[in-house]
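Engineer: Before anything else, here's the structure in question.
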Amino acid sequence: NFGDIIEFIGRGQLFGVVPMAIFISFTVLIIGHILITYHRSGIRLHAVGLNPVAARRMGVNVTAYRMGTYVISGTLAAVGSVVLTGRLDAVVATGAILILLQSIAATIVGGTFLFGGRSSMLGTGLGAILLAMIANAVVQLGFELFWQNVASGGVILLTLAINSRKGRSAAQGAG
C-alpha cells in the first residue's frame, strides 16, 4: 500500500479525463523542448554533445553540463519510477528494463543522433507514439510479445539506415 498520492500519479486522471501519466509525460516533453530548443543551456548542451573540446574552448563548463544532465536524467528516472510504481501498485526491480530499451528506441526513431549534436524532444515524443502504435497493432493482430520486439527492432534498423544514408549524402554534397 503506497498511499493515495502514488496511486493517483500512476492511475489517476486529471479532471477525470486526462491520465496523470500522460499529463506528466507531455509536461516533461514540452518543458524539455522549450529548454533545449530556445534556451542557451540547450544550445550549449548540444555543443557539449557534439564536440566537448570545442565547447570547452568556447567557454562552456563541460563538466557542469554533463553533471547537470546526469542530475536531470536521474530526477526524471525517479519520476518515471513513481509513475510506474503507481500504475503497477508494486515495486519490481527489473520491471523497467524493457521500458529502457523502448525509450532508447524512441529517441533513435525520433531523430536524435547517438553521438550527440542533434536532438529533438518532439521527435522523441513522436517516436514513442509510433513505437507504441506498432506494439499495439502487433497485440491487436494477435501476435506474441516476441514479434512486438521484432517489429520495434525493424523500425529502429530502418531509422538507422535512413540516418546513415542521409549522413553519407550530406558528406558527399559537402565534399
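The values are calculated or read from the model by the stated rules, or taken from the named source; none is laboratory data. Values in this document were obtained by computation on a predicted structure and should not be read as measured data. Cβ atoms come from the backbone with ideal geometry, glycine included; neighbour counts cover every protein chain shown. Heads up: the accessible areas ignore ligands, DNA and RNA and are worked out on the full protein's heavy atoms, side chains in. Shrake-Rupley method; radii C 1.70, N 1.55, O 1.52, S 1.80 Å.
Engineer: So, of the residues in region 13-40 that are touching a strand residue (DSSP E or B) at 6+ places or on another chain (Cβ under 8 Å) and without any contact (Cβ under 8 Å) to a residue 12 or more places away in the chain, which turns out to be nearest to residue 62 (Cα to Cα)?
Structural biologist: Of everything passing the filter in region 13-40, 23 is nearest to residue 62 (Cα to Cα).
Table: residues versus (1) of a type in the set (S, T, N, Q); (2) at pLDDT below 85.
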| site | (1), (2) |
| --- | --- |
| 74 | no, no |
| 82 | no, no |
| 90 | no, yes |
| 97 | no, yes |
| 104 | no, yes |
| 117 | no, yes |
| 128 | no, no |
| 149 | yes, yes |
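Engineer: Looking only at region 97-119, which residues are open to solvent by 40 Å² or more (accessible area, probe 1.4 Å) and small (Gly, Ala, Ser)?
Structural biologist: Selection gives 103, 119.
Engineer: On to the next question. Which residue pairs have Cβ atoms closer than 6 Å, lie 6 or more positions apart in sequence or on different chains, and pair a first residue in region 71-98 that is free of Cβ contacts under 8 Å to residues at least 60 places away in the same chain with a second residue that is surrounded by 13 or more Cβ atoms within 10 Å (Cβ to Cβ)?
Structural biologist: 91/85
Engineer: Restricting to region 59-86, name every residue that is open to solvent by less than 60 Å² (accessible area, probe 1.4 Å) and assigned to a loop (DSSP other than H, G, I, E, B).
Structural biologist: Selection gives 60 alone.
Engineer: May I pose another question? Hey, can you tell me all the residues within region 1-33 that are loosely packed, with under 13 Cβ neighbours inside 10 Å and not β-branched (Val, Ile, Thr)?
Structural biologist: The answer is 1, 3, 4, 14, 15, 16, 26.
Engineer: Select from region 34-58 the residues that are part of a helix (DSSP H, G or I) and open to solvent by 80 Å² or more (accessible area, probe 1.4 Å) and list them in ascending order.
Structural biologist: Within region 34-58, 34, 35, 38, 40, 43, 44, 50, 56, 57 qualify.
Engineer: Pairs, please: C-beta under 6 Å, at least 6 apart or cross-chain, first residue part of a helix (DSSP H, G or I) and in region 129-141, second of a type in the set (Phe, Trp, Tyr) and surrounded by 13 or more Cβ atoms within 10 Å (Cβ to Cβ)?
Structural biologist: Matching pairs, first to second residue: 138/147.
Engineer: Do we have any residue at all in region 87-96 that's part of a helix (DSSP H, G or I) and open to solvent by less than 50 Å² (accessible area, probe 1.4 Å)?
Structural biologist: No, every residue in region 87-96 fails to be part of a helix (DSSP H, G or I) and open to solvent by less than 50 Å² (accessible area, probe 1.4 Å).
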